[in-house]
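Participant: Pasting in a structure now, in structure tokens, and then I'll have a few things to ask.
The values are calculated or read from the model by the stated rules, or taken from the named source; none is laboratory data. Bear in mind the structure is a predicted one, so any value in this text is a computation, not a measurement. Cβ atoms come from the backbone with ideal geometry, glycine included; neighbour counts cover every protein chain shown. To get the accessible areas, we keep the full protein, side chains included, count just its heavy atoms, and leave off ligands, DNA and RNA. Shrake-Rupley method; radii C 1.70, N 1.55, O 1.52, S 1.80 Å.
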Amino acid sequence: MTSALHLEVSNEGVATLTFDLPDEKINKLSLEVMNELEAMLLQLKTNTSITALLIKSAKPNIFIAGADLKGFEPAFKNPTLGEQLITRGHKVFNSLAALPFPTVAVIDGACLGGGTELALACDYRVVSDNEKTQISLPEVTLGIFPGWGGTQRLPRLVGIEQALNMILTGKTIDAKKAFKIKFADAILPKEFLDDQLSLFISKITTDSGKKSILKHRKLSGFHYTLMEKNPIGRSLLFHFAHKNVMKKTKGLYQDPLLALNLIKHTYDKKLEKGLQIEIDTFIKAIPKEFKNAINLINLFFANEELKKNPGIELNVEGAPIHRGAVIGAGTMGAGIAWLFSYRDIPVRLKDVSWECIGKGYAAARGIYKTLLKIRKIKPYQIDKKFQYISGTIDYSGFQTADIVIEAATENLELKHKIFAEIEDVIRPDAVIASNTSSLPISEMSKHMKHPERFLGMHFFNPPNRMPLVEIVAGEHTSQKAIATAVELCRKFKKTPLIVKDCAGFLVNRIFAMAANESSWMLQEGVDMQRLDRVITKFGMPMGPFILADEVGNDVASKVFGSFYGAYGERMHPPKLGQAMADAGLYGKKSGKGFYLYGGKRPVPNPEVQAILKSINSKKVTISDEEIIDRFTLGMINEAARCLQEGIVEGPMYVDMGLLYGIGFPPFRFGLLRYADSIGVKNIVEKLNRLSEKYGERFTPCDYIKQIDSFYGEVGKCETSKSEEKLAPIFS
């Protein structure tokens with residue numbers, strides 16, 4: 001391997017170790033790099049002419065992006081290899097910490113994971129005011145915890161509370177925050193970084209300079225004294241940290257709990273002892289507590305692949321979007337208009353009345369208020385960005401739009417009318433998109449003059465938070481229109497997924513099987529709260545009936561009706577859905593649905609029991625395992641049909657779509673990875689048994705009967721180009 005590290009020593013004895021990994025856009029810590037670093041540190045240790053060491057990066061906007069995950073992935077299958085990698089990292093970073101002269105990490109850009117732990121092993125850390133300077137320890141998002149000293153050095157530097165905030169969440173901090181919490185000793189202007197570094201070196205080589213830095217680092221204040229300097233405060237700190245972890249993870253992820261207990265039992269020990277306990281804890285956790293790591297690391301790579309390849313290869317560039325327009329100022333329309341404004345793109349928001357426009361404004365403003373509350377934006381930024389939204393009850397201003405997104409009610413006749421009106425007023429080169437969640441794009445474009453510029457852009461609710469956008473190409477949609485939609489998604493910082501046109505597209509079509517089956521189980525007499533509890537315990541972000549109330553039971557009833565029309569008996573909805581809509585039990589928006597709203601937390605609605613009794617007075621007894629099977633196996637079967645029909649290019653796209661669209665448990669990687677873990681042949685047998693018991697909606701499709709696994713080279717499955725690229729990841 002070509003050298004990744006380059007050493008220069010000035011006449012004044014200041015050494016600069018520059019990290020520049022060959023043939024890579026980012027710097028990563030592989031085993032080879034760690035070996036090279038160790039050799040370099042041995043060389044530096046014996047050089048008596050060196051007065052200080054700067055560690056920098058030659059990559060623009062990158063310090064070190066963490067460990068090389070591809071190289072480290074096998075460690076989670078082989079605990080012996082994992083032990084070697086962890087002890088190796090500790091040995092190298094301990095050598096860095098033990099150098100006989102001051103060491104400075106110069107962070108100008110992203111500093112993640114192992115890069116942050118390397119910086120912590122230095123005596124000093126300076127950060128540039130570059131907006132790309134972002135620092136984090138994201139290991140918990142990969143099913144592990146920082147294992148190269150992060151759980152020990154960070155709490156000793158910034159205090160227990162700030163360390164827990166970073167380690168237990170994987171959250172990123174910017175340069176200003178890094179200085180404020182004492183992680184960084186100085187913020188330097190990017191434009192004059194080298195000049196300012198010289199001054200900083202001069203400072204740390206004098207007693208008075210060192211004293212001023214140590215004074216800044218000193219942890220103090222009433223809150224710190226109350227919460228960290230006495231046993232009762234610390235006990236409360238760890239108690240609430242544990243409570244927050246359990247609330248967020250529902251106990252399904254062991255790594256943040258391990259990190260929390262590790263910090264709790266080592267914060268007051270000598271660093272050397274704490275580091276050894278970190279090593280021992282990490283190694284012991286590899287076979288069991290870190291069992292989610294393989295799936296989460298594979299998920300990371302799949303996410304990177306999806307960012308590069310949204311589903312099909314595009315041979316054209318998208319048109320630039322300078323202005324947008326949105327039709328419909330309801331929840332979805334207002335959220336989409338907010339996305340335009342947040343990314344500084346002027347947008348025209350249209351509805352039938354000024355009252356509706358006012359509600360749309362209020363919804364968009366509400367999103368900004370939430371961001372302000374959690375300190376993600378400043379008031380002056382809100383005032384500026386909100387000005388990008390302008391309202392109208394006619395089509396004035398649409399002539400300058402580069403894209404128009406329709407977010408009106410799911411009514412085909414209404415949409416045909418809207419599209420006819422749009423085509424009469426917009427430019428010939430403007431793209432038209434529909435935010436429909438279920439209606440086929442080709443059906444909607446039937447009467448359009450230029451169907452080639454029309455497509456679906458299905459944002460998930462709420463659009464300001466949900467990361468996925470399904471881009472649906474109709475029969476006549478041009479590649480130019482698709483490419484334009486993809487680029488707009490990327491401007492919005494959303495993940496685009498290109499899917500073939502069909503009723504419900506990919507995510508809703510597949511999830512409809514689970515939602516429908518949940519209602520069947522409830523109608524058969526399975527306790528509603530038990531169903532919600534079992535399914536959230538499986539890892540879903542919320543139970544199916546809480547979700548139904550969020551979506552709206554009137555909306556769900558219409559959607560399931562359209563799915564039944566499109567797909568027949570396998571999506572036959574139970575009577576319960578229509579009965580809920582007829583009774584006005586719409587859900588959260590009406591204050592009552594499956595649950596009653598208005599108190600501190602939702603409570604079961606007794607009216608639902610009365611409806612159930614009128615439909616079915618019987619009670620059935622089924623196991624938790626059967627509940628999960630009925631919830632998941634219909635989805636797996638429908639996903640197989642989607643692959644058979646070419647709705648998406650391969651199983652990875654199904655898994656990422658459901659991960660981002662419905663929150664399928666990340667630690668299970670995805671629906672079809674979960675299927676492979678059970679065994680496809682096993683699933684076919686289970687589907688056959690369920691089909692005999694509950695009807696044809698569980699009849700296994702031809703595709704699933706012909707394969708041995710979704711990700712393997714079996715049966716009549718052909719590996720897509722994107723899967724070939726992912727082969728090393730999924731081996």
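Residue-wise test of (1) over 19 Å from the mean Cα position of the chain (by Cα); (2) buried (at least 24 other Cβ atoms within 10 Å of the Cβ); (3) among the hydroxyl-bearing types (Ser, Thr, Tyr).
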{"site": "427", "(1), (2), (3)": "yes, no, no"}
{"site": "453", "(1), (2), (3)": "yes, yes, no"}
{"site": "464", "(1), (2), (3)": "no, no, no"}
{"site": "472", "(1), (2), (3)": "yes, yes, no"}
{"site": "478", "(1), (2), (3)": "yes, no, yes"}
{"site": "488", "(1), (2), (3)": "no, yes, no"}
{"site": "494", "(1), (2), (3)": "no, no, no"}
{"site": "505", "(1), (2), (3)": "yes, yes, no"}
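Participant: Mind listing whichever residues of region 460-475 are touching a helix residue (DSSP H, G or I) at 6+ places or on another chain (Cβ under 6 Å) and of a type outside the set (Asp, Glu)?
Facilitator: Scanning region 460-475 gives 460, 462, 463, 464, 467, 468, 469, 471, 472, 473, 474.
Participant: Here's another thing I want to ask about it. Taking into account only those residues within region 429-451 that are of a type in the set (A, V, I, L, M) and modelled with pLDDT of 90 or more, which is surrounded by the fewest Cβ atoms within 10 Å (Cβ to Cβ)?
Facilitator: 448
Participant: Among (1) touching a residue at least 24 places away in the same chain (Cβ under 8 Å); (2) open to solvent by 50 Å² or more (accessible area, probe 1.4 Å), which single condition is residue 705 missing?
Facilitator: Of the numbered conditions (1) touching a residue at least 24 places away in the same chain (Cβ under 8 Å); (2) open to solvent by 50 Å² or more (accessible area, probe 1.4 Å), the odd one out for residue 705 is (1).
Participant: Residues of region 541-580 being surrounded by 18 or more Cβ atoms within 10 Å (Cβ to Cβ), among the hydrophobic types (A, V, I, L, M, F, W, C), more than 20 Å from residue 461 (Cα to Cα) and in contact with a Ser or Thr (Cβ under 9 Å, 6 or more places away or on another chain), which ones?
Facilitator: 576, 579, 580
Participant: Residue 258 - would you say it is open to solvent by 30 Å² or more (accessible area, probe 1.4 Å) and part of a helix (DSSP H, G or I)? Give the steps one after another, and end with the answer.
Facilitator: Details: open to solvent by 30 Å² or more (accessible area, probe 1.4 Å): yes; part of a helix (DSSP H, G or I): yes.
Judged against the criteria, residue 258 is a match.
Participant: Run down 128, 95 and say which single residue is under 30 Å from residue 280 (Cβ atoms), in contact with a helix residue (DSSP H, G or I) (Cβ under 7 Å, 6 or more places away or on another chain) and not aliphatic (A, V, I, L, M).
Facilitator: 95 is the lone residue from the list that is under 30 Å from residue 280 (Cβ atoms), in contact with a helix residue (DSSP H, G or I) (Cβ under 7 Å, 6 or more places away or on another chain) and not aliphatic (A, V, I, L, M).
Participant: Out of curiosity, is residue 584 open to solvent by 20 Å² or more (accessible area, probe 1.4 Å), part of a helix (DSSP H, G or I) and modelled with pLDDT of 90 or more?
Facilitator: When the stated conditions are applied, residue 584 does not pass them.
Participant: Provide a single number: the residues in region 183-205 that are within 18 Å of residue 102 (Cα to Cα) and in a helix (DSSP H, G or I).
Facilitator: Residues flagged as within 18 Å of residue 102 (Cα to Cα) and in a helix (DSSP H, G or I) within region 183-205 amount to 10.
Participant: Starting from residues that are basic (Lys, Arg) and out of contact with any Ser or Thr (no Cβ under 9 Å at 6 or more places or on another chain), keep the ones in region 131-175 and report whichever is most open to solvent (accessible area, probe 1.4 Å).
Facilitator: Restricting to residues being basic (Lys, Arg) and out of contact with any Ser or Thr (no Cβ under 9 Å at 6 or more places or on another chain), the top hit is 132.
Participant: Conditions first: (1) touching a helix residue (DSSP H, G or I) at 6+ places or on another chain (Cβ under 6 Å); (2) at pLDDT below 90; (3) open to solvent by less than 20 Å² (accessible area, probe 1.4 Å); (4) not aromatic (Phe, Trp, Tyr). Residue 720 passes all but one, so which condition is the exception?
Facilitator: Condition not satisfied by residue 720: (1).
Participant: Separate question: I'm trying to understand the selection: among the residues of region 512-540, which are of a type in the set (Ser, Thr, Tyr) and buried (at least 20 other Cβ atoms within 10 Å of the Cβ)?
Facilitator: 518, 519
Participant: If I go through region 276-322 residue by residue, how many of them are crowded, with 19+ Cβ neighbours inside 10 Å, at pLDDT 95 or above and more than 30 Å from residue 117 (Cα to Cα)?
Facilitator: Of the residues in region 276-322, 1 are crowded, with 19+ Cβ neighbours inside 10 Å, at pLDDT 95 or above and more than 30 Å from residue 117 (Cα to Cα).
Participant: Assigned to a helix (DSSP H, G or I) and either over 30 Å from residue 473 (Cβ atoms) or open to solvent by 10 Å² or more (accessible area, probe 1.4 Å) (or both): does that describe residue 607?
Facilitator: Yes, satisfied.
Participant: Something else now. Where residues in region 323-368 are free of Cβ contacts under 8 Å to residues at least 40 places away in the same chain and within 20 Å of residue 466 (Cβ to Cβ), which of them is nearest to the chain's Cα centre (by Cα)?
Facilitator: Residues of region 323-368 free of Cβ contacts under 8 Å to residues at least 40 places away in the same chain: 334, 354-366, 368.
If we keep only those that are within 20 Å of residue 466 (Cβ to Cβ) too, we end up with 334, 360, 363-366, 368.
Details: 334: 22, 360: 27, 363: 23, 364: 22, 365: 24, 366: 22, 368: 20 Å.
So, considering only residues that are free of Cβ contacts under 8 Å to residues at least 40 places away in the same chain and within 20 Å of residue 466 (Cβ to Cβ), the one nearest to the chain's Cα centre (by Cα) is 368.
Participant: Go through 223, 216, 239, 265 for me and flag whichever is part of a helix (DSSP H, G or I), touching an Asp or Glu at 6+ places or on another chain (Cβ under 9 Å) and open to solvent by 90 Å² or more (accessible area, probe 1.4 Å). Explain how you work it out, then say what you get.
Facilitator: Working: 216 fails: open to solvent by 90 Å² or more (accessible area, probe 1.4 Å); 239 fails: touching an Asp or Glu at 6+ places or on another chain (Cβ under 9 Å); 265 fails: touching an Asp or Glu at 6+ places or on another chain (Cβ under 9 Å).
Criteria check complete, one pass: 223.
Participant: Go through region 392-417 residue by residue and tally those that are under 17 Å from residue 357 (Cβ atoms) and surrounded by 18 or more Cβ atoms within 10 Å (Cβ to Cβ).
Facilitator: Summing the residues that are under 17 Å from residue 357 (Cβ atoms) and surrounded by 18 or more Cβ atoms within 10 Å (Cβ to Cβ) in region 392-417 gives 9.
Participant: List the strands (runs of 3 or more DSSP E) inside region 1-117, counting only whole elements, that have at least 2 residues being surrounded by 18 or more Cβ atoms within 10 Å (Cβ to Cβ).
Facilitator: By residue number, 14-19, 52-57, 62-64, 103-107, 110-112.
Participant: Something else about it: On the given criteria, is residue 566 in a helix (DSSP H, G or I), under 16 Å from residue 512 (Cβ atoms) and either under 27 Å from the mean Cα position of the chain (by Cα) or among the hydrophobic types (A, V, I, L, M, F, W, C) (or both)?
Facilitator: yes
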